[in-house]
Amino acid sequence: MNLSFLLVLFISFFTINILPWVLALISKKASGNNKVIWFLMSFLLSWLGFIVYYYLVIKPEWKAELERKKSKRILRNENGMPIKMYEQS
């Protein structure tokens, strides 16, 4: 892979996933319990976004892929030989 692509990937991952947590911890606008609560909320909301993405995008595609594989499955007998299916007209 190209080194610049990996660098862009790393920077975007850091910016989107880790930077909000770091900013919550180093912020001077909040202190004490407020800082901890801000950190926990940014951490938990990122996981909430992942869960929503998983159930709306990833899981339906995964189920559709399983259905496609099931429809392509070949019936076999106890010896592993394909069973020929004859159409009745």
Estimated inter-spin distance, TRP47 and LEU19, nm [label 7 Å along Cα→Cβ]: 2.3
For LYS84, counting only lysines whose alpha-carbon sits under 30 Å away and dropping same-chain residues fewer than eight positions off, the answer is LYS63, LYS69, LYS70, LYS72
In whole percent, and with a 1.4 Å probe on the protein chains, what portion of the accessible area of the chain is carbon and sulfur? 68
With N denoting the number of residues in the chain, provide Rg(C-alpha) divided by 2.2 N^0.38 Å, to two decimal places. 2.05
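The values are calculated or read from the model by the stated rules, or taken from the named source; none is laboratory data. The structure presented is a predicted model; accordingly, all values stated were derived computationally and were not measured. With ideal geometry, Cβ positions are generated from the backbone for all residues, glycine too; neighbour counts draw on all protein chains shown. All accessible areas refer to the heavy atoms of the entire protein, side chains included, with ligands and DNA or RNA removed. Shrake-Rupley method; radii C 1.70, N 1.55, O 1.52, S 1.80 Å.
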